[in-house]
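Worksheet for the structure shown next.
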Amino acid sequence: MLDPSSSEEEDEVVEEERKVTQAPKTGAPRVSPNRTGESPGGLQPARTNNARPTSPGPSAALEKEKDDLEKMQREEEERKKRLQLYVFVMRCIAYPFNAKQPTDMARRQQKISKMHLQTVKDRFQAFLNGETQIVADEAFINAVQSYYEVFLKSDRVSRMVLSGGFSANDSRDVFKKHIEKRVRSLPEIDGLSKETVLSSWMAKFDTIYRGEEDPRKHQQRMTASAASELILSKDQLYEMFQQILGIKKFEHQLLYNACQLDNPDEQAAQIRRELDGRLQMADQIAKAGKFPKFVSKDMEAMYIEELKSSVNLLMANLESMPVSKGGEFKLQKLKRGHNTSIIDMGQEDENQLSKSDVVLSFTLEVVIMEVQGLKSLAPNRIVYCTMEVEGGQKLQTDQAEASKPTEKNMVICTATMPKLISYRIFLFCFQVVLHPTPNSPKQSEIHKMTVSKGCPDNDLRIKLAVRMDKPQNMKHCGYLWTIGKNVWKRWKKRFFVLVQVSQYTFAMCSYREKKAEPVELLQLDGYTVDYTDPQPGLDGGRTFFNAVKEGDTVIFASDDEQDRILWVQAMYRATGQSHKPVPPTQVQKLNSKGGTAPQLDAPISQFYADRAQKHGMDEFISANPCNFNHSSLFEMVQRLTLDHRLNDSYSCLGWFSPGQVFVLDEYCARNGVRGCHRHLCYLSDLLERAENGAMIDPTLLHYSFAFCASHVHGNRPDGIGTVTVEERERFEEIKERLRVLLENQITHFRYCFPFGRPEGALKATLSLLERVLMKDIVTPVPQEEVKAVIRKCLEQAALVNYQRLSEYAKVEVTPAKKLEDTLRLAELVIEVLQQNEEHHAEAFAWWSDLMVEHAETFLSLYAVDMDAALEVQPPDSWDSFPLFQLLNDYLRLDYNLCNGKFHKHLQDLYAPLVVRYVDLMESSIAQSIHRGFERESWEPVNNGSGTSEDLFWKLDALQTFIKDLHWPEEEFGKHLETRLKLMSSDMIESCVKRTRIAFEVKLQKSSRTTDFRVPQSICTMFNVMVDARAQSAKLHLCLSSFPCFLSRQYHSQIDDLIEETVKEMITLLVAKFVVILESVLAKLSRYDEGTLFSSFLSFTVKAASKYVDVPKPGMDVADAYVTFVRHSQDVLRDKVNEEMYIERLFDQWYTSTMNLLGTWLTDRMDLQLHLYQLKILIRVVKKKYRDFRLQGVLDSTLNSKMYETVKNRLMLEEATASVRDGGMLGISMKDSDEEDD
């Protein structure tokens, strides 16, 4: 903004710009008639050159010209209207006395634009692609991936960005809410709290979101924007409303200077004139009876009282504005000279000023710059000056050398004086007497000092700078010639001061020198000042003006024109008169056609007024505000301000900035705009933006609607009790529009408030709907009525949400593809329901049952597509079970939807399929057991055979299937588990029995000699038993809901069967081992004493030993048996998976074979063992004992009575053989003996 003292060069530039601006205005009216007159000839060449059937004729061209002219005229009218409106707004900004900029408004965040959103998407995509240097763990990457896919890429977020209601803070809050559940679900880590993890994740999110931007610059930008959002200077407000109203900079300069917006006195006077005009207008309305149409005839008188009361309130506000620190006089009652009829003035003398009420305080500063002609003193002499103020006060300057009186300024301390005085300055015997006034020049001047007798310095001069500051309550001062009827009765030149005692009280005071109080004073209430011609018979003064009041006239005269204009302007502002005095020089210039030279003695304010008039601005400046319809003007400025606000960089949601609120409040108060009209216009503008897709805060709508409702129903929210028919009708219209808008927003709550943004908006919308449905402001609306409206909206919402979801999913026609798409659609349906619960459930807390109905309606729409997809599936296809599991896993965990309408429909749909599936699985398992065991090779497969593995896998799969179903209906779930328990028990029992039979058959077919080797199949059969027992236990644990007594019963039966079968298998295998030992003993029996074979064999050996070396007889039998035992032990130990079974087998094997040996020896108690028999038995017994001890057989079992019996018998026979045959050749039962293995 330019300073009021603009240069002439600036004026020339402005004038050129003004010419360009006024070109359409001045040129347009001349173009059309010329073209119209020239149309027969002027348009003929165009028709000749473009002779086509579609070319417009003369009438079309004239019509187009007419439309262009009308358009230009409309634009010109709009421009004038905006300029006039800007003048009113400027005055509100320049001198506010009713409102101030609020500092408690919520801070608005910077909104995200479409381009910024794309930038943020790119940054997150770069992070997910690993293109950034941010280190993150897998959990955080997964969280960001989910946030990117679900939130940032959502079309609802893009739509919210277009609505202008999406800020960076919203984006951050959504991510924080998104990760809180993830972080809470993470396992605990020692030394790392989840709050720390959450803070770390948010810091990384901020880094990704910010990208490569410098955080310091970002913080500075945010701080600056926040400051501008909170408070604005006057210059910033001017600039803002220039943008709002489309005012050019040079137009603002012209208006600013011409309106004297930097002059508080002029603005206060303008306000007084406006208020006086509004009071007069109220009187005119009362006299003429031109009232607005009210809802009641009784409101007309109330309307006049409200108008006057509002003006009185404004007067009180203006009166409370500080004027000065001077006088203490304040009016007891507000008094206006032109409207004394409506204000209780009390006694006339109660408000009369006295001389003591007018107090002036002057600040005087004297600076001695230089002393010239001081020659009589020595150069090194110290000099100083003193000042004697009228009344005896003396002051002294600093000291200086006589030869250097100009080295430094000597300042006399500032003094505050209550009156105009004279003062003397002394320098030794020299003095100078001065009489300063506030109008004295501020520049330093040289004064000649008077010299006393005998002083050699006759021509002594002193250079002084005298500054006397004008008090705030002194509006003007100077010398005037004056004469009046009641005061100043003699034509004389006096020193006058125009003093402002309060906002409505001014006085013309004449002073004499040395007097603190005025000699005479004139209170200007009720006077009208104007220029006048020179009065005959009055000598003195060159230019005249007067102050006239009924019964009194005071004539003033000044010595020059500029001083007269300044006096008239100051008194015009003081009197508050409606008539604006026009200087005779300006009148002459207006009347003369050629005279354009400005008056050289006119003040600068007059120069700016002339310049504004030259540029066509005078009509806007001098327009009387009382003659305008401020309701329509305010509606216009509020609408334009809202457009500007919604298009700025803040996510305002319709809220004005503090500066805008301040200007609009001041405009309404100053120009009498009714509060209901203001809020109705605001509501209308907000609804229009909301209907066009803009995001508007429902709390703001609620505030304005509540104000209007309270006013229309007579509750007087702003003290206004009158209600016009227009206000009531417009309120009803807006109420209906608001109801439709709110119902539409609730219907589209997922899209109007995506992810619960803006925070609390949906809850505020529901609250506002309840308020809108009220018939008045007292009677609450029945809850059933509100519930019915919301239920209807949510039913529509379910349809809208599912239609958009179906369009997004695009379900195909083919059965396989249709089932796949239906499954994907189910995932989207669950996602929608989860988002509703997460982001919108809190808003619908009072209507949670309606949200449950909404979810059921939403699911019922999906049920139609689901049923259609399942109908086209093949009858024995089980591909649809994942769909049931997906839906059931979500529904069973939702308290409200579990066993609801859709959930029961889902159970009814899938129960037959589950039963049929279990039937088929049972039949398939039974057939696989029968066929498998018939062809079973008993090769090891995992933990058992091929058939057993297939059986147990199918049982486990069926068991997992039933478990994963999580069937919600308890009775049917127990039925499934019972059936699975019975079927599993039967199948395991069949498997065990078939294995037992195969085991026995396998042993029967095997060898009975020491050539027998335990086959792999035998071990596999044992492993099948082990696996069967494990599967039985697993089935018992998993089917936990199975009745306890039945579970124990079936589990015990299967375990008993398996245990009994294992015992039988061990017995059979041990019997096999016993048979093999029996075959060895049978060979040894041939050497029994007294048999023919034994005698023959002994003779043959003895005879042969004379000629050749005969090997030890029978060691191959012992070695073969020992090898058989060791091999069998190793195979069983390595191949059988159950240690307990091996221990039992070894114990029983050892015991049975040892018993067999004991029995065999007992049968030969009376016979002496053959040396050959003895050696074999010693070898077998010792190796068996040692091998079984190594296999872990307990000592109690090893050292049994039978073993002791056998050992003792063999040791006895060994001693006998040593005596009889001369020794055992190194074979002995003693442990210390070393034997070859």
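Of the residues that make up the stretch 316-327, is at least one modelled with pLDDT under 90 and of a type in the set (D, E, K, R)?
Yes, some residue in the stretch 316-327 is modelled with pLDDT under 90 and of a type in the set (D, E, K, R).
Could you check the stretch 469-521 and list, in sequence order, the residues that are buried (at least 21 other Cβ atoms within 10 Å of the Cβ), of a type outside the set (A, V, I, L, M, F, W, C) and out of contact with any Phe, Trp or Tyr (no Cβ under 8 Å at 6 or more places or on another chain)?
Correct list: Asn473, Gln503, Tyr504.
What tally of residues in the stretch 1187-1201 results from selecting those that are surrounded by fewer than 17 Cβ atoms within 10 Å (Cβ to Cβ) and among the aliphatic types (A, V, I, L, M)?
Going through the stretch 1187-1201 one residue at a time, the tally reaches 2.
Which one is nearest to Cys668 (Cα to Cα) among residues in the stretch 707-720 that are open to solvent by 20 Å² or more (accessible area, probe 1.4 Å) and in a helix (DSSP H, G or I)?
Phe707
Only helices (runs of 4 or more DSSP H) wholly contained in the stretch 802-900 count here; list those with 1 or more residues that are over 27 Å from Phe961 (Cβ atoms). Lay out the reasoning, then the answer.
Values: elements: 815-835, 848-871, 881-891.
Of the helices (runs of 4 or more DSSP H) lying wholly inside the stretch 802-900, those with at least 1 residues that are over 27 Å from Phe961 (Cβ atoms) span 815-835, 848-871.
Let's see how each residue does on (1) farther than 19 Å from Leu680 by Cβ; (2) in contact with a helix residue (DSSP H, G or I) (Cβ under 8 Å, 6 or more places away or on another chain); (3) part of a helix (DSSP H, G or I); (4) in contact (Cβ under 8 Å) with a residue 60 or more places away in the chain:
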residue: Leu633; (1), (2), (3), (4): no, yes, yes, yes
residue: Arg639; (1), (2), (3), (4): no, yes, yes, no
residue: Leu653; (1), (2), (3), (4): yes, yes, no, yes
residue: Val661; (1), (2), (3), (4): no, no, yes, yes
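Can you tell me which residue among Gln803, Gln783 is under 29 Å from Met866 (Cβ atoms), over 26 Å from the mean Cα position of the chain (by Cα) and at pLDDT 90 or above? Write out each step before concluding.
Values: Gln783 fails: under 29 Å from Met866 (Cβ atoms).
Being under 29 Å from Met866 (Cβ atoms), over 26 Å from the mean Cα position of the chain (by Cα) and at pLDDT 90 or above holds for just one of Gln803, Gln783, which is Gln803.
Within the bounds of the stretch 683-702, is there any residue that is under 30 Å from Cys259 (Cβ atoms) and open to solvent by less than 30 Å² (accessible area, probe 1.4 Å)?
Initial filter on the stretch 683-702 (under 30 Å from Cys259 (Cβ atoms)): 685.
Then drop every residue that is not open to solvent by less than 30 Å² (accessible area, probe 1.4 Å), which leaves 685.
Yes; the residues of the stretch 683-702 include at least one that is under 30 Å from Cys259 (Cβ atoms) and open to solvent by less than 30 Å² (accessible area, probe 1.4 Å).
Mind checking whether some residue in the stretch 542-554 is polar (S, T, N, Q) and touching a residue at least 60 places away in the same chain (Cβ under 8 Å)?
Start the filter on the stretch 542-554 by keeping residues that are polar (S, T, N, Q), which leaves 543, 546, 553.
Pick out the ones that are also touching a residue at least 60 places away in the same chain (Cβ under 8 Å) and you get 553.
Checked the stretch 542-554: at least one residue is polar (S, T, N, Q) and touching a residue at least 60 places away in the same chain (Cβ under 8 Å).
Quick one: in the stretch 822-837, of everything that is open to solvent by 10 Å² or more (accessible area, probe 1.4 Å) and within 19 Å of Gln873 (Cβ to Cβ), which residue is nearest to the chain's Cα centre (by Cα)?
Glu827
Output the residue which, of all residues in the stretch 75-105 that are in contact with a helix residue (DSSP H, G or I) (Cβ under 8 Å, 6 or more places away or on another chain) and basic (Lys, Arg), is most open to solvent (accessible area, probe 1.4 Å).
So, considering only residues that are in contact with a helix residue (DSSP H, G or I) (Cβ under 8 Å, 6 or more places away or on another chain) and basic (Lys, Arg), the one most open to solvent (accessible area, probe 1.4 Å) is Lys100.
Given Pro758, Pro780, which one is more than 18 Å from Gly714 (Cα to Cα) and in a loop (DSSP other than H, G, I, E, B)?
Values: Pro780 fails: more than 18 Å from Gly714 (Cα to Cα).
It is Pro758.
Could you list, in sequence order, all residues of the stretch 458-490 that are of a type in the set (A, V, I, L, M, F, W, C) and part of a strand (DSSP E or B)? Walk me through it before giving the result.
Initial filter on the stretch 458-490 (of a type in the set (A, V, I, L, M, F, W, C)): 460, 462, 464-466, 468, 474, 477, 480-481, 483, 487-488.
Listed by number, the residues that qualify are Ile462, Leu464, Ala465, Val466, Met468, Met474, Cys477, Leu480, Trp481, Ile483.
Name the single residue, out of those in the stretch 721-759 being within 25 Å of Asn801 (Cα to Cα) and of a type in the set (Ser, Thr, Tyr), that is surrounded by the fewest Cβ atoms within 10 Å (Cβ to Cβ).
Tyr751
Within the stretch 152-163, identify whether any single residue is in contact with a Leu (Cβ under 7 Å, 6 or more places away or on another chain) and on the phi > 0 side of the Ramachandran plot, and answer yes or no.
no
How about the stretch 139-155: which of its residues are open to solvent by 10 Å² or more (accessible area, probe 1.4 Å) and part of a helix (DSSP H, G or I)?
So the first thing to find is which residues in the stretch 139-155 are open to solvent by 10 Å² or more (accessible area, probe 1.4 Å), and the list is 139, 141-142, 145-146, 148-150, 153-155.
Once the filter is applied, which keeps residues that are open to solvent by 10 Å² or more (accessible area, probe 1.4 Å) and part of a helix (DSSP H, G or I), the stretch 139-155 yields Ala139, Ile141, Asn142, Gln145, Ser146, Tyr148, Glu149, Val150, Asp155.
Only residues that are without any contact (Cβ under 8 Å) to a residue 60 or more places away in the chain and either in a loop (DSSP other than H, G, I, E, B) or surrounded by 15 or more Cβ atoms within 10 Å (Cβ to Cβ) (or both): list them for the stretch 173-193, please. Let's see the steps before the verdict.
Filtering the stretch 173-193 down to residues without any contact (Cβ under 8 Å) to a residue 60 or more places away in the chain leaves 175-176, 178-193.
Answer for the stretch 173-193, where residues must be without any contact (Cβ under 8 Å) to a residue 60 or more places away in the chain and either in a loop (DSSP other than H, G, I, E, B) or surrounded by 15 or more Cβ atoms within 10 Å (Cβ to Cβ) (or both): Phe175, His178, Ile179, Arg182, Val183, Leu186, Pro187, Glu188, Asp190, Gly191, Ser193.
Which residues, taken from the stretch 515-560, are outside any strand (DSSP E or B) and aliphatic (A, V, I, L, M)?
Ala516, Val519, Leu524, Leu538
Find the residue count for the stretch 106-116, including only residues that are open to solvent by less than 50 Å² (accessible area, probe 1.4 Å) and either under 11 Å from Leu230 (Cβ atoms) or at pLDDT below 85 (or both). Spell out how you get there, then give the answer.
Looking only at the stretch 106-116, we keep the residues that are open to solvent by less than 50 Å² (accessible area, probe 1.4 Å), and these are 108, 112.
The next check asks that each one be either under 11 Å from Leu230 (Cβ atoms) or at pLDDT below 85 (or both); those that pass are 108.
So the answer is 1.
Tell me, yes or no, whether the stretch 334-346 has at least one residue that is at pLDDT 55 or above and part of a loop (DSSP other than H, G, I, E, B). Don't jump to the end; show me each part of the working.
Of the residues in the stretch 334-346, the ones at pLDDT 55 or above are none.
For the stretch 334-346, residues at pLDDT 55 or above and part of a loop (DSSP other than H, G, I, E, B): absent.
Among the residues of the stretch 896-933, what is the count of those that are among the aromatic types (Phe, Trp, Tyr) and modelled with pLDDT under 90?
Result for the stretch 896-933: 2.
Just need a number here: residues in the stretch 1025-1069 that are at pLDDT below 90, assigned to a helix (DSSP H, G or I) and among the hydroxyl-bearing types (Ser, Thr, Tyr).
Here the count works out to 4.
Quick one: count up the residues across the stretch 1148-1176 that are open to solvent by less than 50 Å² (accessible area, probe 1.4 Å), closer than 20 Å to Ala1071 by Cα and touching a residue at least 60 places away in the same chain (Cβ under 8 Å).
The qualifying residues number 6.
Asp986 passes all but one of (1) closer than 25 Å to Phe881 by Cα; (2) surrounded by 15 or more Cβ atoms within 10 Å (Cβ to Cβ); (3) of a type in the set (D, E, K, R); (4) free of Cβ contacts under 8 Å to residues at least 40 places away in the same chain; which number fails?
(1) is the only condition that Asp986 fails.
Take the residues of the stretch 768-780 that are of a type in the set (A, V, I, L, M) and at pLDDT below 90: which is surrounded by the fewest Cβ atoms within 10 Å (Cβ to Cβ)? It would help to see each step written out before you state the result.
Quick first cut of the stretch 768-780, residues of a type in the set (A, V, I, L, M) only: 768-769, 772-774, 777-778.
Now restrict to residues that are at pLDDT below 90: 777-778.
On the way: Ile777: 16, Val778: 8.
Per the stated criteria, the residue is Val778.
May I ask you to list the residues in the stretch 267-319 that are farther than 29 Å from Lys475 by Cβ, part of a helix (DSSP H, G or I) and of a type in the set (S, T, N, Q)? Give the derivation first.
Filtering the stretch 267-319 for residues farther than 29 Å from Lys475 by Cβ gives 282-307, 309.
Subset that is part of a helix (DSSP H, G or I): 282-288, 299-307, 309.
Matches in the stretch 267-319: Gln284, Ser309.
Just checking, which of Glu63, Glu70 is open to solvent by 30 Å² or more (accessible area, probe 1.4 Å) and closer than 30 Å to Ser622 by Cα? Working first, answer last.
On the way: Glu63 fails: closer than 30 Å to Ser622 by Cα.
The conditions single out Glu70.
May I ask you to verify whether Met281 is in contact with a Ser or Thr (Cβ under 8 Å, 6 or more places away or on another chain) and open to solvent by 40 Å² or more (accessible area, probe 1.4 Å)?
Numbers: in contact with a Ser or Thr (Cβ under 8 Å, 6 or more places away or on another chain): no; open to solvent by 40 Å² or more (accessible area, probe 1.4 Å): yes.
In short, no.
The values are calculated or read from the model by the stated rules, or taken from the named source; none is laboratory data. Predicted, not measured: the structure shown is a model, and the values here were computed from it. Because the Cβ atoms are built from the backbone with ideal geometry, glycine has one as well, and the counts that use them run over all protein chains shown. Just so you know, the surface numbers come from the protein's heavy atoms only, side chains and all, with ligands and any DNA or RNA stripped out. Shrake-Rupley method; radii C 1.70, N 1.55, O 1.52, S 1.80 Å.
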